[in-house]
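Just below is one structure, and these are the notes that go with it.
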Amino acid sequence: MSIIKILLKEIEQEAQTTRKMLSIVPNDKYDWKPHPKSMSIKQLATHIAELPSWVSMAITTDGLDFAANPYKPEDINNTTDLLTFFEKNYAEGRAQLQATTEEVLQQPWVLSNGDQVLLNQNKYETVRVAISQTIHHRAQLGVFLRLLNIPIPGSYGPSADEMGK
């Protein structure tokens, strides 16, 4: 199986789990955060929903410089819009991945903030970072929702809520 087919299968599986988690974010909790240093649910869920766009960015660019392109998150305030944003980014990322080649995935990609290099890797590794970041932040969201006593869907099998514990 080609690396592109493997990545497509992985992002599809992770999208199913991400979709379930994003769909349970309550509209009245978007400003909630568990700690002053934490992101709000709005910030965290929006970031999760935008991460599939990093697949497109990895394939179609040679990098991202935060100094030249300051981060401007999407202003999302409800779960319907959150899911729409996620689906748009997922569809675009998936389409870019389907259309690329393994040769393109071997090309360099650099994440920087001005002269400070944050990541210097190839495009394949950048796609993997996007997948890993999705999983990482989705787990954070699960903790946030658990603290609000919201039943959590399973990720890689049933959750304690689904098991009736």
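The values are calculated or read from the model by the stated rules, or taken from the named source; none is laboratory data. As the structure is a prediction and not an experimental result, all values here were calculated from the model. Neighbour counts are summed over all protein chains in view; Cβ atoms, including those assigned to glycine, are modelled from backbone coordinates with ideal geometry.
Residues are listed down the side, and each one gets a yes or a no for (1) modelled with pLDDT of 95 or more; (2) assigned to a strand (DSSP E or B):
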| site | (1), (2) |
| --- | --- |
| ALA58 | yes, no |
| PRO70 | no, no |
| ILE76 | yes, no |
| ASP81 | yes, no |
| LEU111 | yes, yes |
| ALA130 | yes, no |
| HIS137 | yes, no |
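From the list LEU97, LEU148, LEU83, LEU118, exactly one residue is over 28 Å from ILE4 (Cβ atoms) and out of contact with any Cys (no Cβ under 7 Å at 6 or more places or on another chain). Which is it?
Numbers: LEU97 fails: over 28 Å from ILE4 (Cβ atoms); LEU83 fails: over 28 Å from ILE4 (Cβ atoms); LEU118 fails: over 28 Å from ILE4 (Cβ atoms).
After ruling out the rest, the residue left standing is LEU148.
Can you tell me which residue within the stretch 67-85, out of those that are hydrophobic (A, V, I, L, M, F, W, C) and surrounded by 13 or more Cβ atoms within 10 Å (Cβ to Cβ), is farthest from the chain's Cα centre (by Cα)?
Here is the first cut: in the stretch 67-85, the residues hydrophobic (A, V, I, L, M, F, W, C) are 67-68, 76, 82-83, 85.
The next check asks that each one be surrounded by 13 or more Cβ atoms within 10 Å (Cβ to Cβ); those that pass are 76, 82-83, 85.
Details: ILE76: 15, LEU82: 12, LEU83: 12, PHE85: 11 Å.
My answer is ILE76.
Please enumerate the residues belonging to the stretch 3-32 that are outside any helix (DSSP H, G or I) and either touching a strand residue (DSSP E or B) at 6+ places or on another chain (Cβ under 9 Å) or in contact (Cβ under 8 Å) with a residue 60 or more places away in the chain (or both).
As a first pass, look at the stretch 3-32 and keep what is outside any helix (DSSP H, G or I): 23-26, 30-32.
SER23, ILE24, VAL25, PRO26, TRP32 - these are the residues of the stretch 3-32 that are outside any helix (DSSP H, G or I) and either touching a strand residue (DSSP E or B) at 6+ places or on another chain (Cβ under 9 Å) or in contact (Cβ under 8 Å) with a residue 60 or more places away in the chain (or both).
May I ask you to verify whether GLU10 is charged (D, E, K, R), in contact with a Ser or Thr (Cβ under 9 Å, 6 or more places away or on another chain) and within 15 Å of GLN133 (Cβ to Cβ)? Before you say what the answer is, go through the steps one by one.
Working: charged (D, E, K, R): yes; in contact with a Ser or Thr (Cβ under 9 Å, 6 or more places away or on another chain): no; within 15 Å of GLN133 (Cβ to Cβ): yes.
Considered against the rule, which asks whether it is charged (D, E, K, R), in contact with a Ser or Thr (Cβ under 9 Å, 6 or more places away or on another chain) and within 15 Å of GLN133 (Cβ to Cβ), GLU10 comes out as no.
Looking at (1) in contact with a strand residue (DSSP E or B) (Cβ under 7 Å, 6 or more places away or on another chain); (2) more than 22 Å from MET39 (Cβ to Cβ), which is the only condition MET163 fails?
Of (1) in contact with a strand residue (DSSP E or B) (Cβ under 7 Å, 6 or more places away or on another chain); (2) more than 22 Å from MET39 (Cβ to Cβ), only one is false for MET163: (1).
What single numbered condition from (1) in a strand (DSSP E or B); (2) touching a Gly at 6+ places or on another chain (Cβ under 7 Å) fails to hold for ILE152?
The number of the failed condition is (1).
Determine whether TYR124 is part of a loop (DSSP other than H, G, I, E, B), closer than 21 Å to GLU12 by Cβ and aromatic (Phe, Trp, Tyr).
Values: part of a loop (DSSP other than H, G, I, E, B): no; closer than 21 Å to GLU12 by Cβ: yes; aromatic (Phe, Trp, Tyr): yes.
For TYR124, the condition - part of a loop (DSSP other than H, G, I, E, B), closer than 21 Å to GLU12 by Cβ and aromatic (Phe, Trp, Tyr) - is not met.
Let's see how each residue does on (1) buried (at least 19 other Cβ atoms within 10 Å of the Cβ); (2) over 21 Å from HIS136 (Cα atoms); (3) not basic (Lys, Arg):
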| position | (1), (2), (3) |
| --- | --- |
| SER2 | no, yes, yes |
| GLN13 | no, no, yes |
| ASN27 | no, yes, yes |
| ILE41 | yes, no, yes |
| LEU51 | yes, no, yes |
| THR61 | no, yes, yes |
| ASP65 | no, yes, yes |
| GLU102 | no, yes, yes |
